[in-house]
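Report on one structure; see the data block that follows.
Taken together, the values in this text are just the output of simple stated rules run on the coordinates, not laboratory data. Values in this document were obtained by computation on a predicted structure and should not be read as measured data. Reconstructed Cβ throughout: ideal geometry from the backbone, glycine too, with neighbour counts over all protein chains shown.
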Amino acid sequence: MTCMYLLYMPELPEVETVVRELKSLEGKFFSRVVVHWDRTIEGSTVEFLEQLRRKQIAVVFRRGKYICIELNTGDRITIHLRMTGKCIFEPSERDRNYSRVEFIFSDRSTLYFVDTRKFGRIKWWPKQEEFLSQLGPEPLESEAVLKAFLSCKSNREVKKVLLDQAILAGVGNIYADESLFLARIHPMMPFVEVSRLKLKRLAETIPVVMRQAIENMGTTLSDYRNTKNMGGENQNYLKAYGQTGEPCCRCKTKIEKIVIGQRGTHFCPRCQTL
DNA sequence: CCTTAGTCCTGCATGC
DNA sequence: TGCATGCAGGACTAAG
């Protein structure tokens, strides 16, 4: 048994789990913000700090894979965790070495943005600016997903379409593989060639996969932790992702791993045919 | 319009 | 044991 080194990718369910905890920030005032790694802030860090100065948080919500923080001024802040980003109130010793931004509030509580690989991004959006307008619909209702599919005429592989945030907002590598496995669609299949029946099946599957993962507080493979530094449970329910060489739960054929668009893709070659 | 490759980053795994 | 190398990847950008 080889020890698999798996990365964590915060997708919609992981971000949703974090956002639910970050709701505790609503009503708090920024007291001091410290930026340790400048590139974490998109745009001008000086302006970022200026715009947050003494402002109050009104609402915390999620859009796709973005954590959204709306201020009383109507301006917003987005946090994208990318690969290894974490929002933590009580960092471990190790976490402290990778703390990129710290938000200190007037009640003396502190939110640490910890990010080993420095891919995560935090951005301030003025009230009047168009906000995350390039994102597709949320993949939590099968009707919305089917509608998005039916208006998509892409010739790209179905897996690539699922990862395209402009088509659906929030699906990432893990849940794309899981959804395609459950819907029995080969990830390499050109999207336009997927039958109407299979598209309908996929549209019904994705929200189920997402909701189940939210219920399980997300998938923890290596780095994912919620704000209390605890992992989720959904990794125990994965049927395709990270199961390379393991028997398919339906037909016992070994799960294979291929690369599509520079991303590891797991599927059952018997259940998911071209 | 499309698709592909490169970029950012670092820890961990592998190989010699 | 130690050191070099390569791999992973979300979103963006540049090139073809």
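Structure summary
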| quantity | calculated |
| --- | --- |
| Helices (runs of 4 or more DSSP H) contained entirely in region A:129-225, each with at least 1 residues that are more than 15 Å from the chain's Cα centre (by Cα), within 16 Å of DNA strand B (Cβ to nearest atom) and not aliphatic (A, V, I, L, M) | A:142-150, A:158-163 |
| Only one of A:Ser99, A:Ser92, A:Ser151, A:Ser133 that is of a type in the set (Gly, Ala, Ser), over 23 Å from A:Ile214 (Cα atoms), out of contact with any Lys or Arg (no Cβ under 9 Å at 6 or more places or on another chain) and within 16 Å of DNA strand C (Cβ to nearest atom) | A:Ser133 |
| Scope region A:99-115; condition in contact (Cβ under 8 Å) with a residue 60 or more places away in the chain, in contact with a helix residue (DSSP H, G or I) (Cβ under 9 Å, 6 or more places away or on another chain) and crowded, with 17+ Cβ neighbours inside 10 Å; matching residues | A:Arg100, A:Val101, A:Phe103, A:Phe105, A:Leu111, A:Phe113, A:Asp115 |
| Qualifying positions in region A:237-268 - touching a Cys at 6+ places or on another chain (Cβ under 8 Å) and among the charged types (D, E, K, R) | A:Lys239, A:Arg250, A:Lys254, A:Glu256 |
| Of all residues making up region A:106-128, the number that are of a type in the set (A, V, I, L, M) and more than 16 Å from DNA strand B (Cβ to nearest atom) | 1 |
| Complete set of residues in region A:100-130 that are β-branched (Val, Ile, Thr) and in contact with a Ser or Thr (Cβ under 6 Å, 6 or more places away or on another chain) | A:Val101, A:Ile104, A:Val114, A:Thr116, A:Ile122 |
| Qualifying positions in region A:162-212 - more than 10 Å from DNA strand C (Cβ to nearest atom), under 19 Å from A:Gly264 (Cα atoms) and of a type in the set (Gly, Ala, Ser) | A:Ser179, A:Ala183 |
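Okay, residues lined up against (1) in contact (Cβ under 8 Å) with a residue 40 or more places away in the chain; (2) over 30 Å from A:Leu71 (Cα atoms); (3) among the small types (Gly, Ala, Ser):
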position: A:Gln134; (1), (2), (3): no, no, no
position: A:Leu146; (1), (2), (3): yes, yes, no
position: A:Ser151; (1), (2), (3): no, yes, yes
position: A:Glu157; (1), (2), (3): yes, yes, no
position: A:Val171; (1), (2), (3): yes, no, no
position: A:Arg184; (1), (2), (3): yes, yes, no
position: A:Val192; (1), (2), (3): no, yes, no
